[in-house]
There are 2 protein chains.
Amino acid sequence: MLPITWTARARRAALCQHMPPAISRPGTASRPSKRRLHTKPPNYSSVEAAPAAVQAHHESGRGMRAIDDIMARRARAGKLVAGIAAASDSDMFKGSTEGMPKAKRWDNHLSRESKAREPCTLKQAARHLKKPGLISLGGGLPSSEVFPFAELGMKVPRPPHFSEAETLESGQTVKVGKYDVRDGRGDAVYDLSIALNYGQSTGSAQMMRFLTEHTEVICRPPYADWRVCQTVGSTGALEQALRMFLDRDRGDSILTEEFSFSTALETVAPLGIRAFGVRIDQQGLVPEAMDEMLSSWNPAERGGARKPHVLYTVPSGQNPTGATQGAERRRAIYRVAQKHDLFILEDEPYYFLQMQPYREGAATPPSPPANVEEFVSSLVPSLVSMDVDGRVMRMDSLSKVLVPGSRLGWITASEQIVERYQRHAEVASQGPSGFSQVILHKLLDETWGHEGYLQWLMNLGVEYTRKRDRLLAACEEHLPRDLVSWTPPAAGMFMWLTVDHAQHPEAGKRDIKDIEEEIFNSCIDNGVLVARGSWFLTEKDRPLPGLYFRTTFASASAENMSEAISRFGRAVRDSFGRK
Amino acid sequence: MLPITWTARARRAALCQHMPPAISRPGTASRPSKRRLHTKPPNYSSVEAAPAAVQAHHESGRGMRAIDDIMARRARAGKLVAGIAAASDSDMFKGSTEGMPKAKRWDNHLSRESKAREPCTLKQAARHLKKPGLISLGGGLPSSEVFPFAELGMKVPRPPHFSEAETLESGQTVKVGKYDVRDGRGDAVYDLSIALNYGQSTGSAQMMRFLTEHTEVICRPPYADWRVCQTVGSTGALEQALRMFLDRDRGDSILTEEFSFSTALETVAPLGIRAFGVRIDQQGLVPEAMDEMLSSWNPAERGGARKPHVLYTVPSGQNPTGATQGAERRRAIYRVAQKHDLFILEDEPYYFLQMQPYREGAATPPSPPANVEEFVSSLVPSLVSMDVDGRVMRMDSLSKVLVPGSRLGWITASEQIVERYQRHAEVASQGPSGFSQVILHKLLDETWGHEGYLQWLMNLGVEYTRKRDRLLAACEEHLPRDLVSWTPPAAGMFMWLTVDHAQHPEAGKRDIKDIEEEIFNSCIDNGVLVARGSWFLTEKDRPLPGLYFRTTFASASAENMSEAISRFGRAVRDSFGRK
């Protein structure tokens, strides 16, 4: 039985947020129009009216309207004053959540380690610094006098002229000085003397403001006490999250897609936690399969692992399969999570790499979103945007949308979860690099602003659509389609190639993994590197269910992509005894 | 029984490395002269000759001579070629270690978690990229085309003109472009297209080279297979190290100073690991006390904790006490570690903040080192520099010597330990920010060079000497010396004030912690923040052995320092009923 309140809220949300239709068959769905509603109504079990606050919340909209609200709110709040190591949280920067319900508590889901964390004594003592006239001999913060950086500058594009050529021609050089705030330069709220000193593990208040607002524009979680917290990237955030929720001594285990990001699996394994794979289809994780697995869970059949209470999923452009969960698929997954009380770790590095649908053989590609409003409306909703319980931690990363080298991302979750995360970060990463923060703040907040950043993301979707289409064209040209099949990805960087192993001359006699290895080695000999499906198999002790290879269209040029796929095709043909 | 080889090597080291005398009474010891040898010979049990390789190793010297060797080696090696995510290790950049012994293995010291770590599959696959002509559709690395940074620039001082005023006047602006390497700009070996993409968890080859060389100049561990690995700072490095060595299920515990860095204690506690405090004196950890503790270890008396196999220590300018272990003290600690087979986590954030001795009432302060050679010779030797077994992991940080916001440091340890560390970092931090790395490389390697950086560090020692002396002057002026005592620190940022609680009117009737709280609150009321001794007590369940406060001279101005100490004095007098 699902809670009634959620389904009612979900319906309200679906009616107000202009979500695109579920991507039921990537590659054939038409592009969602700007204000399109669901053509097929979701399967609601109740029509109870949503609370007024939740209704108002969802009606406040996304995109430009949300940005206008944010800018008006900033103007009312006055200049942001946040010095060295100033504490901050999203509540300082969010719109009103009055009357909204609070997230559930997750005490029983937390690990022994996480529950044992106490706040960092020295960071707590910093609260006294607010006292006027107080002189601190307390914290060991160096004086900015001895920082050898007087100024940083960077040359960046001017929206919407984002290409390298345009940047060289019309790009702008922006600078950050050491004492811009003290000296009142250009209404500065952040400078090197602040960014390069110690900070809070949440990251700076300046970036906290930008990321909270951005999250409000895009995700807008439907409960009152959501917060964001900066991370050193989603790899690190996932490791912290695993330690927060999973306890080897309790026999804990985790669910994920049956093929999952190998680095994530390698993060889980040494913790003594077993990962179990849920069946996937073209839209990724299959909720019915997850429900069935959990409903019939028997620890004795699972090496003693108790019923999982955590799901790790990559909903958009999943790594390695490239699958994207449509809106209705996400809602169904969320309902199963509610039924079995799962906490969801939603890893969304590819969320903004959502692409236009692929039309094989079409003369012209579909046109991209006309503006920021349309772009935001076209995005498939995040699990956290339908998270009435506060059971989702969404992990965002700038690695795929700006630069991996920033080592800066953020999580969005309830106050309780963010607080536990923060306590851990205080004694681990201590938050992202100050160089990264000040450079990104200068770019995203001061130079581009929310709209400029959304334009950048929209442009990136167009770039990745082009890249993907090149790979698809190469596959259509060079691969034997009776042997190799694929689904055009709707998001991300990856395409999953399925090779029909049943047609192999030695099918049934040879291990699939062995054939996979032969093809992989032949690929290397032919001069192309692809990733082997077996690297991503969640349950390593199970037989490989098929012959798969992961390819990426992120980095190779059109010419190289074509040559690379041709080489891959040769390797497959060789193994299958084709000419 | 100590291994004979070590003592012989140590003697050789003592004769060749021009170490300063043990700082037996900080504040009274005279400044070590350039080529001074130990006045009191260390307690060697053997005079067996050191192997020729070790002898040659130690005779190759530190300081300018080492830098000359390094530059000659670089010239012979030719231009460094290291592209996106290039793998590297210290062996690529070290001088010859031919004939040197290898570090011991630490298999029995490692935790179950650490032993279970496998190399990251996708990073391993990157080895195929070396094949000429290979096209990669393997890794999900974004193309640098879509990085919105065309150029970074920074204004930095020109050695030795390091002050803020000089930087404004004579500072240089240096730039890093996106494609400096591809375009062959100014012999560039590192640029934004490399630094801002994904990298290895060890950090970039470019910074690996600089840090390996720097470590060779300063520490030069006396075994063959030492390596460095970049970190996101020592807080994160310590957390990883704790997880590498300590296992709650094995009943593991850790030794540290009886007053220790509170954040370190807070890192240990949630792991279910108990920390035990070793008695300290003016030179920090007392080796005889540690030996006694370990020799008589009884788990039943220690809440079931098995005999510790790890020591965490801050040898220079210890946090919170400010104590610095002299050279002979370090050797004695190392000998005890050998006797009880301890692995040492040497946390050295303040190593380069070694100051000139304090002379109360002297008209002029002692003169600083005359040059880089003298500066390097004057540094008290690191534990890792006497580590013949490879039982030390030294943690370095740039937070105290450049900027905390870099979130970049490094560890120095044996190949085995660095490899385990790296395996963890691959699924956690993924190494430091690329912005931090490229900015620091531009500054340290390309602009200042090794000599310029040593000049910066030397200058910093002078700055901190000045800051410390101001705090000492304030203490001498404002504190009741029959109640409050202190030892002038020889390194770091902290001074530990001991208040004689026996003189308190309610001594014996009131808990020391209660008096401490009263004084602390009174300090806040009077407008000064100091840190309470109890915050740093290692064994929280033990009674506080005395009344202590930690103060720092790092950040306050001379004027504020004087006022702050005067306020602290008032709070103490008030509590003790003095006028």
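The values are calculated or read from the model by the stated rules, or taken from the named source; none is laboratory data. Nothing here was measured: the structure is a model prediction, and the numbers come from that model. Because the Cβ atoms are built from the backbone with ideal geometry, glycine has one as well, and the counts that use them run over all protein chains shown. For the accessible areas, the whole protein counts, side chains as well, though only heavy atoms, and no ligand, DNA or RNA atoms are used. Shrake-Rupley method; radii C 1.70, N 1.55, O 1.52, S 1.80 Å.
Some notes on this structure:
- Ranked by the mean number of other Cβ atoms within 10 Å of their residues, highest first, the peptides B:474-480, B:503-509, A:144-150 come out as A:144-150, B:474-480, B:503-509.
- Among complete DSSP H helices in chain B, those whose alpha-carbon atoms stretch at least 15 Å along the helix's long axis and whose mean Kyte-Doolittle hydropathy reaches -1.0 are B:4-16, B:64-77, B:205-218, B:234-245, B:449-478, B:512-526, B:558-575.
- Converting phi to 3J(HN,Hα) with the Karplus coefficients 6.51, -1.76 and 1.60 and the offset θ = phi - 60°, the stretch B:163-168 yields 5, 4, 5, 5, 5, 4 Hz in sequence order, with x at every glycine or proline.
- Charged-residue dipole, Cβ positions (Lys, Arg, Asp, Glu), chain B about Cα centre, Debye nearest 20: 1000 debye
- Debye intensity ratio I(q)/I(0), log10, the stretch B:465-575, q values 0.15, 0.16, 0.17 Å⁻¹ (C-alpha model): -0.61, -0.69, -0.78
- Cα pair count fraction exceeding 12 Å, expressed as % - the stretch B:358-404: 76 percent
- Under 24 Å from A:K509, Cα to Cα: lysines that are on another chain or at least 8 residues apart: A:K540, A:K579
- Dividing the Cα radius of gyration of chain B by its Kirkwood radius returns 0.97 for Rg/Rh.
- DSSP bridge orientation in the protein assembly as shown - percent antiparallel, rounded to nearest 5: 65 percent
- Mean projected area (nm²) of the alpha-carbon convex hull when the protein assembly as shown is viewed from all directions: 46.0 nm²
- Shielding by partners for peptide B:177-183, expressed as the average number of C-beta atoms from other protein chains within 10 Å of each residue's C-beta, is 1.
- Peptides B:382-389, B:495-502, ordered by how many other C-beta atoms sit within 10 Å of their residues on average, highest first, read B:382-389, B:495-502.
- Debye-sum result for the stretch A:256-325 in log10 I(q)/I(0), which assumes one identical scatterer on each alpha carbon, at q = 0.11, 0.12, 0.15, 0.19 Å⁻¹: -0.27, -0.32, -0.49, -0.78
- Projected area, mean over directions - the stretch A:186-288, Cα convex hull, nm²: 10.6 nm²
- Cα-based reach from B:K131 at 14 Å (exclusive), listing aspartates and glutamates while leaving out same-chain residues under 8 positions away: A:D525
- Solvent exposure of B:K123, expressed as accessible area, is near 40 Å², computed with a probe of 1.4 Å over the protein chains only.
- Residue-wise HN-Hα coupling along the stretch A:318-326, computed from phi with Karplus coefficients 6.51, -1.76, 1.60 (Hz; x: Gly, Pro): 3, 9, x, 7, x, 6, 10, 6, x
- Residues whose amide H falls under 5 Å from that of B:G95, counting only those 5 or more places apart or on a different chain, are absent, with hydrogens built in the peptide plane.
- In a simple Cβ point-charge model (Lys, Arg +1; Asp, Glu -1; nothing else charged), the protein assembly as shown has a dipole of about 440 debye relative to its Cα centre.
- Using only side-chain charges placed at the Cβ, +1 for Lys and Arg and -1 for Asp and Glu, the dipole size of the stretch A:106-218 relative to its Cα centre rounds to 580 debye.
- Summed over both chains, the area buried between A and B is near 9000 Å², taken from the accessible surface of protein heavy atoms with a 1.4 Å probe.
- For residues of B:126-134, the mean tally of beta carbons on other chains within 10 Å: 3
- Ligands, DNA and RNA are left out, and with a 1.4 angstrom probe the accessible area of the protein assembly as shown is 35 Å² per residue.
- Only aspartates and glutamates eight or more places from B:K79 in sequence, or on another chain, were considered; those with a Cα closer than 12 Å are B:D187.
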